[in-house]
Every structure is written in structure tokens, then in C-alpha cells.
Amino acid sequence: MTNEPVGVLIIGAGASGGAFAWSIADLGTSVLCLEQGPWMHQRDYPTNFMDWETRASGPFAPNPNVRRLAQDYPVNDSESPIQPLMFNAVGGSTILWAAHFPRFTPGDFRVRTEDGVADDWPISYETLEPFYTPNDRMMGVSGLAGDPAYPYHEPPLPPLPLGATGNVVARGFERLGWHWWPSDSAIISQEYGGRAPCINLGACGSGCTQGAKASTDITYWPLAERKGVQLRTNCRVKEITVSENGLADGVLYYDADGVLQEQKAEVVVLACNGIGTPRLLLNSRSERFPDGLANSSGLVGKNLMFHPYALIRGIFEENLNSRRGPTGCTFWSHEFYKTDRSRGFVRGYSYEGSRGGGPGMSAVWGMATGRIPWGEGHHEAYARVNGHVAGMVAITEDLPDEANTVTLDPVLTDANGIPAPKVTYTLSENSRRQLAHAVDRGTEALKAAGAVDVQADPLMRTAGWHLMGTARMGTDPARSVVNEWGRAHDVKNLFIIDGSIFVTSAGVNPTSTIQALALYIADSIKKNVGELFA
Amino acid sequence: MSGSASALGDATFLSALLDTLIPSSGKRGMPGAGGLGIERDVAASIAADSAAGLPVGGWLEALYAGTPGFATLPAAERTGAVEAHAATNPAAMQALLRRVYLAYYQHPTVLVAIGEPPRPPFPEGFELEPSDPELLAALKPRQK
Ligand SMILES: Cc1cc2nc3c(=O)[nH]c(=O)nc-3n(C[C@H](O)[C@H](O)[C@H](O)COP(=O)(O)OP(=O)(O)OC[C@H]3O[C@@H](n4cnc5c(N)ncnc54)[C@H](O)[C@@H]3O)c2cc1C
């Protein structure tokens, strides 16, 4: 392996790394991405096998502490009610994601102005709009134009069918006169860009064997490689190195054989997600940066936001075949999205329709919720549940709090001996109230939809899907880690492009915005390349 | 007991335990979990769970040691023994049930009995009902 110096070095080949690599390739300099995981193969995904549900909760589990593959690093989550989830491979967490693809609303960028809490972003919806749209095309997004909750935009593909589960729950919202709209989904409803459409395998969360779900290993990466970007897999970055003048000058990384290598670069770009990125910055200590790289504000690793989730599910008389279809993407609702102080909390949440589990997980859910006994009565109860479940999740806006952190665990390390992250997180009173409200209103919607039984999990534990805020963006170097185009205040040639730079979380899934930001930052670098080192 | 020293190695015990957890139902046309030959799978996954730190293996051994002749007991007595033992460690019982349910509901015979095709989801996939046209029509006037 040669470690020739490169122009741009990206760390992490997930949602943001893929989008950024594809765009920055136009700069005309050499671009290299180091990724700790391997390429994935659709032939290995669980839905190829009879025991797909067992595999989905083993080697394809979203929790790295359960999965424990060679490319994973452990996360100490003993002081968090929510477990952080991710996947480490080319494609990153999009290998397992559900592909809900909402944008932020314009108001999500001005939380302080609108509600007097948290902070405004230094950029707006209008800044990102020119990048949301091409990103939708690159990923392949299905949806219905005209949602009144959003500025007008046209998804490139028609919406996915709601299916029986989506139809039944949407009818509940309709009866109550509440906002609902078919979801924008990064799952293709028709053949698109050489990819075959969704065939309703019902297991998006363990990798899409059909390739209908947009993971960046099958969307951005093949095109980025065609443009000349080099992607080196099974290479785990240990630390970012700095030159005497305080610029980042490359990285030290462990290759697939566990040998420590040095890679020099003119520009370093972090795309390791809201936990991997602060971990790497904190692991990059030097005489000049004793508290970790780019951390003069002390905010690296602080303000961790997750989106606390509630799950509200109904059991219906009719068999909805509810595990068939994309796991999540049916419809969303912004009925309770904006602040209404009479509800007892600020900001709000969105609902997203969800389906039932597979045959095995239906039984497990029935056991966990006391609806399906073992022994006598098992089969009767199972028949009432399996296929009959439909519901929704509530995604609450998590406000930034400096006490919610990613730090380095003093003991735990990964297989290469690199200190592992520790997550410390307390659910705020505001979140608690949002969740309670979401459970009550969600129950009302399911009853209106005709559910004969409703069950709610008011705070999902295995639900740290969204990792945000740990290297926040801002114009004030004392109050933020990167500037308004992702450049570290302290290190001119260091950029961060993942969810770490979020100022606030909004009440919707983040990846459409993460990728729009990555494209916007790549574009800003291309425009400002002459002044990068000035 | 067959003389084997461990619960996970005793197929007769495991088969009787599985039938206790999921008995057959003539009315619903469902087989019992003990007659499907899934004992080995269940034992392997319980061993893996135990290696990962879940308490289920040791707890199962205690049931095995504490209930001599479990497999030969009448069904009601087996149920009583499992109920009493479950109360000593509900988390271990849940871990056991999770493994049994996953193995059972992945078996082709069971899939057919619950009306599912006995195959993996890929490559055939599934049909999905279209969106209700009335619902979509209701959205039209709200479109921005
Ligand atoms: C089960 C699940 C469901 C989800 N569903 C949705 C959804 O429906 N909608 C949505 O918007 N979002 C969803 N998400 C979240 C979404 O996947 C993430 O927001 C998105 O992938 C984040 O992009 P990223 O580039 O920041 O990080 P990732 O995609 O996580 O990629 C980071 C990459 O960096 C690599 N890396 C980390 N550290 C190092 C290192 N030291 N050296 C080398 N490489 C490193 C990792 O291996 C990884 O591949 C889901 C996530 C999960 C886990």
C-alpha cells in the first residue's frame, strides 16, 4: 500500500462521506477516503436466508455493542437511557437505516428567534435548498410533492404505496383532521439509475438485498470512484496529525493487518458521525492541542442530541400483513411540530407511520408487551397480533445541552487499542413532556383509526439512530467548533461534514440534511479553494 | 433425564421444554415447538447469548438440575415447573423465549401454518396494497 500524500483526505465512507467525496472529486485534486469497515455485499444480507430475523438481530444488529464485528468500536452507553446505533462499513449507517428522508423545515434553522431556546443556525433552509434537491436525485427519493408543511419541492419518484398499514393509520389522522402526508423516502418506487424498485421485503433495518433502499455504497460511492476518488477500506484512523504551523497534515491509521500507517494530506475532512467524529478529535491530542483537536471552545463532544423516540402501536381486527413493505416509510405528520406553549413544552415532534415485525419478532414484541403468553393460549394470542399491528413513532426535537456528552472512556478501547467513546445523556424535562404528549395523541389517532388495543413505549431505548451536535456550527469560535461552512475555527484545513455540526436537531430524521450539508460544504470548499490556507 | 450433564446437551429435555413453551394446537393447525428439530439451533443461540453475558444458560441449567425427569412429567407439571423457575429470573426467561420464538417462527412448517410462504423474503418479495385513492384525493386540495 502506498501512502502518497493526497489533496483531500476524508475519514468515514457513510452518508456524508459518500456525498462529499462525489462532489469534491470535481476539484481536480487527489481525493482519498479511509473507512474502518469493509464493502458490504447484498448476497450476505439477512433477507436471503430463512433465519433472516435471527441474523438481523446478530451480525446486522444496529447496536455495535451487540454486533461486535471486527470493524466496530464499542460505545460505553451505561450512562444513557438511549443506546447509540450505527453501522461501520462503506455506506456507514445507511446500510441499516430506514431511509425516511424528511428535510428540515425553514423554522428548524431559527429556533432561538422563533422560540427563545437553543441557538439559530448560521445558515438557513435557503442555503441548503440547492443541495437538498440534487441529493434527492442522487439518492433516489420517492414522495408526493406539495406537502403544506414544507416549501414546495418535487421528489424525483412517485410515492411508495402506503400499504394496508399506512392506509389504516392515515385514516385515523384524516378522521381527526390532523396533518399527514406520504413520506419522502430514499427508497425507489420505480426503476431508477440502474437500481430495481422496492419489492417490500420488510427488513430495511438489516440491509436491502434488492438495492432499492439508498445506501451510499450503491448510490454515491460507485460514482465517486468513477470520478477518481480512492476508497481504502478496513483502515481505522487513530488520530489526525498536525504540522508545526497548526494545520492538519494527515492521519495515523491502522490498516487491515493492524499495522500503523501514516497518510499525509492537504485538507482533512471528518465524516465519522456524531460519535465517531468527536471521538477522533478528542483522540487527536498534541502539545498544541492538549484538549483534542479543534477544541479551543471546549465544545467537542458536548451538546449530544439523539431525538428521543416513542413508539405507539395499535392492534387491528383485520389482518394487515403488516410486516410487508418498507419498514417505516409510509406517511408523516407535522400536526404537533411547532411550539404551542399550552402543551407544556417548546418545539415539537413529528410522527412517522411504522409497520409490524416479522413472524418471529411479532412473537417477541407480544411477549415483551404482555400480549402473547407462552404455553396454553400462545397460538390464539399470536394470531391476534401477527400481521395485525400498525402504528407510528414520534420523533421529538432534542434541544442541545452541554451536559450531554461524548467523552473518551478511560478503560474501554477498540480492537486496535484506540480509546472508545463514552456517552453521557440525560433526558430533559422538555423531552419527557413531548414524549408523553406524543403517546397520548398517538393513542388517540390509533383509536380513531379503529385499533382495538394500543400499546406504547414512551421512550425507546434501542433508538439512538440520530447522532448530532457534538461539534456544532456557529460564527463565534468561543461557542462553536466549526464555522458556517464546516471549517474548524481552530484549524483552517480541517472540515467536519456529519451530524456533529448540527446546532439543533429539529423533530425529523437528519440524513437528508446531513447530506445536503456535506454537498454544501464541498461546494464552499470548491468556491473558496484559493483562500483555504490564507 | 437422558444422563447428559447439561440442559443444552440433552435433546429430550430441550424438546420437552420447547413443547411446554409452544405446545401444539390442533384447533389452529400449529405444531408444537418440540417436534420440529430446532433444539440444536436453540441450544446454539442460548450458548452464544450466555457467552455474550446474558444470564440464560446458567438459569436453564438450574431448571434442568432442579427438575429431574422434566421430560417425563405431565404437561401441567412441566408448565408449573417452568412458571416457578421463570419467576426467579424473568430476564433469563425472556431471553430464552426470544430464542425459541425466533427459531420456531422461522421454520417452514410454521410459516405455512401461519399463512406465510416458507421462503426467505428475497428474491420474490411481497405485494403491497396500493394507497387508498380516497385518502390521496383528500390531500389534493391541501397540496401547496
Ligand atoms: C438502524 C438505523 C436506522 C436509521 N434510520 C434513519 C432514517 O430512516 N432516516 C434518517 O435520516 N436517518 C436514519 N438513520 C441515521 C443515519 O443512518 C445517519 O444519520 C447517517 O448515516 C449519518 O451519516 P454520517 O456520514 O454522519 O455517518 P455514518 O453513516 O454513520 O458513517 C460514518 C462512517 O465513518 C466510519 N468511521 C468512524 N470512525 C472511523 C475511524 N476512526 N476511521 C475510519 N472510519 C471511521 C464508520 O465506519 C462509518 O462507516 C438510521 C440509523 C440507523 C443505525
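The values are calculated or read from the model by the stated rules, or taken from the named source; none is laboratory data. Predicted model only: the values in this text are computed from it and were never measured. Neighbour counts run over all protein chains shown; Cβ positions are idealised from the backbone, glycine included. To get the accessible areas, we keep the full protein, side chains included, count just its heavy atoms, and leave off ligands, DNA and RNA. Shrake-Rupley method; radii C 1.70, N 1.55, O 1.52, S 1.80 Å.
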**Message:** Consider the stretch B:102-126. How many of its residues are within 7 Å of chain A (Cβ to nearest Cβ) and assigned to a loop (DSSP other than H, G, I, E, B)?
**Reply:** 9
**Request:** Please work out if A:Tyr73 is among the aromatic types (Phe, Trp, Tyr), surrounded by 17 or more Cβ atoms within 10 Å (Cβ to Cβ), in contact with an Asp or Glu (Cβ under 8 Å, 6 or more places away or on another chain) and at pLDDT 95 or above.
**Result:** yes
**Request:** Look at A:Ala381 and say whether it is of a type outside the set (D, E, K, R) and not in a loop (DSSP other than H, G, I, E, B).
**Result:** yes
**Message:** If I filter the stretch A:286-308 down to residues being free of Cβ contacts under 8 Å to residues at least 12 places away in the same chain and charged (D, E, K, R), which single residue comes out as farthest from A:Pro477 (Cα to Cα)?
**Reply:** A:Glu287
**Message:** I'm trying to understand the selection: among the residues of the stretch A:158-187, which are assigned to a loop (DSSP other than H, G, I, E, B) and open to solvent by 10 Å² or more (accessible area, probe 1.4 Å)?
**Reply:** A:Pro158, A:Pro159, A:Leu160, A:Pro161, A:Gly177, A:Trp178, A:His179
**Request:** Considering (1) away from every other protein chain (no Cβ under 14 Å); (2) surrounded by fewer than 19 Cβ atoms within 10 Å (Cβ to Cβ), say which one A:Glu376 fails and leave the rest.
**Result:** (1)
**Asked** Residue check: is B:Pro130 assigned to a loop (DSSP other than H, G, I, E, B), on the phi < 0 side of the Ramachandran plot and either at pLDDT 95 or above or open to solvent by 80 Å² or more (accessible area, probe 1.4 Å) (or both)?
**Response** yes
**Condition broken by A:Leu223, with the remaining ones in (1) aliphatic (A, V, I, L, M); (2) open to solvent by 40 Å² or more (accessible area, probe 1.4 Å); (3) assigned to a loop (DSSP other than H, G, I, E, B) satisfied** = (3)
**Item:** Where a residue in the stretch A:76-93 is closer than 18 Å to A:Gly37 by Cα and its partner, wherever it lies, is near the ligand (Cβ under 7 Å from one of its atoms) and of a type in the set (D, E, K, R), with Cβ under 7 Å and at least six apart
**Value:** A:Val90/A:Glu35
**Request:** Determine, yes or no, whether A:Ala488 is open to solvent by less than 10 Å² (accessible area, probe 1.4 Å), more than 15 Å from the ligand (Cβ to nearest atom) and either out of contact with any Phe, Trp or Tyr (no Cβ under 8 Å at 6 or more places or on another chain) or at negative phi (or both).
**Result:** yes
**Unmet criterion (only one of (1) open to solvent by 10 Å² or more (accessible area, probe 1.4 Å); (2) in contact (Cβ under 8 Å) with a residue 40 or more places away in the chain; (3) assigned to a loop (DSSP other than H, G, I, E, B); (4) within 14 Å of another protein chain (Cβ to nearest Cβ)) for A:Trp97** = (4)
